[in-house]
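Coordinate-derived values only; no laboratory data. Note that the structure is predicted; figures quoted are calculated from it, not measured. Methodologically, a virtual Cβ is constructed for each residue, glycine included, from the backbone with ideal geometry; neighbour enumeration extends over all protein chains shown.
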Amino acid sequence: MSTSTQSPVRVAEEPSGPIRPQRKLPRYAGLGLYVAGLAAGALLAALTGSGIALAVVYGVVLGTLAVYVGSRAVEGTRKATDRLVTALVTTAFGIAMIPLVSLVYTVLDKGLARFDAQFFSNSMFRVVGEGGGAYHAILGTVIITAVTAVISVPIGLLTAIYLVEYGTGRLKKAITFFVDVMTGIPSIVAGLFAFALFTLLFGNDVRLGLMGAAALSVLMIPVVVRSCEEVLKLVPNELREASYALGVPKWRTIVKVVLPTAVAGLGTGITLAVARVIGETAPLLITVGLITGTNLNPFDGRMATLPVFAYYQLTQPGTDTQAFLDRAWTAALVLIILVMVLNVVARLISRFFAPKTGR
Amino acid sequence: MAKRIEVSDLNIYYGNFLAVEGVNVSIEPRSITALIGPSGCGKSTFLRSLNRMHEVIPGARVEGKVVMDGVDLYGADTDPVDVRRQIGMVFQRPNPFPTMSIYDNVIAGNRLNNKKMKKAETDELVERALRGANLWNEVKDRLDRPGSGLSGGQQQRLCIARAIAVEPDVLLMDEPCSALDPISTLAIEDLMAELKDRFTIVIVTHNMQQAARVSTSTGFFNLNGVGQPGRLIEFNPTEKIFSNPDQKATEDYISGRFG
Amino acid sequence: MTATKAPTPPPVQQRVVRRAGDRIFAGSAKGSGIFILLVLAGVAAFLISEAIPALTAPAEDIPGGEGLGSYIAPLVLGTLLGAVLALLVATPLAVGIALFVTYYAPRRIAAGLGYVIDLLAAIPSVVYGFWGLAVLAPALVPFHVWAADNLSWLPIFAGPASTSGRTMLTVGLVLAVMILPIISAIAREVFGQAPALHREAALALGATRWEMIKMAVLPYGKSGVIAGAMLGLGRALGETMAVAIVLSGGAGATLNLISSSNPSTIASNIALRFPEATGLGINTLVASGLVLFVITLAVNMLARWIVNRRADFSGAN
């Protein structure tokens, strides 16, 4: 933390020749002051009978203060301000870690209770209390996400190809701009869109897996376009020219030279886009709904999906409340695992499919 | 299979900017034609217009005629893709396809066009092209390794092998040695001397010694000032250009009296 | 040469096929781009068409019985309140995190730390809702009580304190955690791009690290941070599930952040009411969704405009 006596600055202040030696704190004095402040904070909290959270707050504030005052007394204002900022930005990072650690811990803690074989092999059909599982919801999420990908990837990839390889003038600008706009559509609005569209086509009270996929596609397409566009731009123009010069038509050049060269980046981008939509809840809530049994046909009626399943288990528990809450947290845990696996897969793709460049 | 190229009144544009103006020249078959001149004079642009690579750049276009053995390369019914199959090109920086092995790079022209070939045929083609590019002995044991793992000079010869594997009539080379060391340069110059029996070769170079060493004819491009179009100032047998040029500007450039 | 009307069939056929390939491929690429424009137009058109019945219906038929305006107004207030609170909390933190990762953390682990922050963005919003309800809300109850006791002269802390913690304050903090990775990712990027020449020049003048950042990094990254904050704001405005789970909303318009009666937000109100809504109720919800669409659209466009203006600036870099 405050041991930031980093070498470049320090060398500049090292006494040499006629330059007046600058007074500075010994190497670990900053950290020492900070720890002393922390201890004082803990003591204060203990005396006033506060909890752990307040003790940490007191400690961080007093520690930061101690470093600043100590440094100011010995090293002067400028150096003290530098140390103060160091303490502040480090604290900022620490603060961000609190929710992450707390969230992961909580989900693991509460989710592991029902992380069992039954959860993955049973649906909620005719389950009113304990038991049951999310078999139907996990399959539903996989199916709807797959349909979404089948819709979004070709459209997104082709649009990216258009923007990078073909696009000119107004249409290119318009598409770029509106893809940006689409990136910002709230997920619930995407759900309303799919609802309005399918209501016009099939009448009121229609609920389909396909509807959910349409809503998710509105969210996924712009992500696919953006990431694929960035990756395609990285393919050196020299390769396209080399291919043209061999008498290869443009479309074959794109399919056989540009896309294979970019395949690692495309795979990574698409996987991350899938990871982004797989946890979406709101659009599915209003387009797909939820059922207790297993429906694997996205073209017929309501389906269960993992996020919606988790939501209803938590917010509308039945008589045996704890059983519902346990299932909800396990569903949340499975959801996080799914997203994390996709993130890791994306990293692996970019590592193992990258073209071997010898340059 | 080498062919003659006749260029008449060729103007080359980038959008509205006239880059090269009024080129008239006849390029002989089975010869090496060198194009020299200061940077930005349009010699590379001219070279790229010979196999219609120029129009790959958005907004780029040409006026005038380029005729190869009686066929107008810019005729309304001419497919640029066909033109490029007959007029191959080697670029300034070696650019093997990074996703392909050495073997696949050589047959890329055929494979990318989905030409069906028997394994024995392709093997023979690869060996012929690599031998033609003087690369066979260096890579015959590692044909399945990525082409980008070779040295710069080897990569450039791989690109030449790739270009001659589609059996073009003409080979264009855009400063093929400028990114290479002297030894690799020598290897490629030797190769050009061998290839000229089979191909019409046009090479753009900044290196006048190179032009003098390898070429039979030389064209000198120049421009009057920044923003002015480049012109073909003089086109003559190489010996004449370097000993007794017709134009004062050519002499100034060759003897180094140039800005 | 296969130039003209082709005396021999094979080359002609080959060329026709090839040109068709190019035409089909280019056409489908262009078609996909146009399709995206149509989808967006469709989003606007279908939302409007489903919202029209609510716009034209008599005021007493709208849920609440006082017309569309007074139905949506408190929702808009709630939406803005939560999002702005999140923004105020998240932006300084995100700048601090970005500085820490780019200039303070040891080089070797900096990339890893950045990735850890990015993980926050990968967690599904419904899980944030779970966490907010189960962990953050109860943890903040003491603060609610304390604020109601000591800060009640501020309208936002007027009290009485909620005993569950399911308040706008908690929602704002959950949203802040959710948008933190968005803002800090962009801030990290622009801070990292601050010209090394300027940074080294500052250090060579004997500046401390903070002075170097103040002189060479922050001015360069300012518009990037603003743009990132706007994108984060857009996300917070449209966030649905976390708010729907955590907030006990539905009361009228109030600025009070810590009481148990809070205005709902547009997005969470739709999520909560839609499954049971019928007839005009649906139309009303769609109309409120349209309002949300317009607000986020405006915020995002503003963000893009700032980003693009910056891109024009730094063209030389």
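Structure data summary
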| item | result |
| --- | --- |
| Antiparallel bridge percentage (DSSP; both residues within chain B; nearest 5) | 60 percent |
| Interchain or long-range residues, amide H under 5 Å from B:Val20's placed H | B:Ile12, B:Gly230 |
| Contact order normalised by residue count of region B:1-127, Cα under 8 Å, 6+ apart, percent | 23 percent |
| Extended-chain gain in nm, criterion 0.36 nm per residue less alpha-carbon gap, A:Val101 and A:Ser50 | 16.1 nm |
| Sequence-distant residues sharing a close amide H with B:Leu35 (under 5 Å, placed H) | B:Ile203, B:Val204, B:Thr205, B:Gly219 |
| Summed side-chain charge close to B:Ile5 - residues other than B:Ile5 whose Cβ falls under 11 Å, Lys, Arg +1, Asp, Glu -1 | -1 |
| In Å, descending, principal axis extents of the Cα set of region C:132-291 | 66, 42, 27 |
| Mean separation of Cα contacts under 8 Å (6+ apart) over length of chain B, as relative contact order % | 28 percent |
| For region B:89-167: Kirkwood Rh in Å [reciprocal of mean 1/r, alpha carbons] | 12.1 Å |
| Of the DSSP H helices in chain A, those whose Cα atoms cover at least 24 Å axially and whose Kyte score averages 0.5 or more | A:29-48, A:52-75, A:77-111, A:135-161, A:209-233, A:259-278, A:321-352 |
| Residue-span extension gain [B:Ser151 to B:Asn11] - 0.36 nm each, minus C-alpha spacing | 46.6 nm |
| Total charge dipole magnitude, chain C, about the Cα centre, Cβ charges on Lys, Arg, Asp, Glu only, Debye to nearest 20 | 1620 debye |
| Extreme residue, positive dipole direction of region A:7-113, given options A:Leu100, A:Gly76, A:Ala53 (C-beta unit charges) | A:Gly76 |
| Estimated 222 nm signal from helices in chain A, with DSSP H stretches of n ≥ 4 weighted -39500 (n - 2.57), rounded to 500 | -24000 deg cm²/dmol |
| For region A:87-180: rounded, prolate or oblate by the Cα gyration tensor [a/c cutoff 1.5] | oblate |
| Stokes-Einstein D in µm²/s, Kirkwood radius over Cα pairs - chain B at 20 °C with 1.002 mPa s viscosity | 114 µm²/s |
| Leading residue at positive end of dipole, chain A (Cβ point charges), from A:Thr319, A:Ala160, A:Leu284 | A:Ala160 |
| Listed residues A:Ile221, A:Ser121, A:Pro186: farthest to the positive end of the dipole of region A:91-248 (Cβ charges) | A:Pro186 |
| Span-rule helices in chain C, defined as complete DSSP H runs reaching 18 Å or more along the axis (Cα) with Kyte mean at least 1.6 | C:67-99, C:168-193 |
| Separation in nanometres of the label points that stand 7 Å from Cα toward Cβ, at B:Asp123 and A:Leu43 | 8.6 nm |
| Helix B:119-132 vs. chain B, principal-axis angle (Cα, 0 to 90°, nearest 10) | 40 degrees |
| Computed [θ] at 222 nm, helices only, for chain C once each DSSP H run of length n ≥ 4 contributes -39500 (n - 2.57) | -24500 deg cm²/dmol |
| Amide H contacts under 5 Å for B:Ala60, placed H, 5+ residues apart | B:Gly15 |
| Shape call, the protein assembly as shown: gyration tensor on alpha carbons, a/c limit 1.5 | prolate |
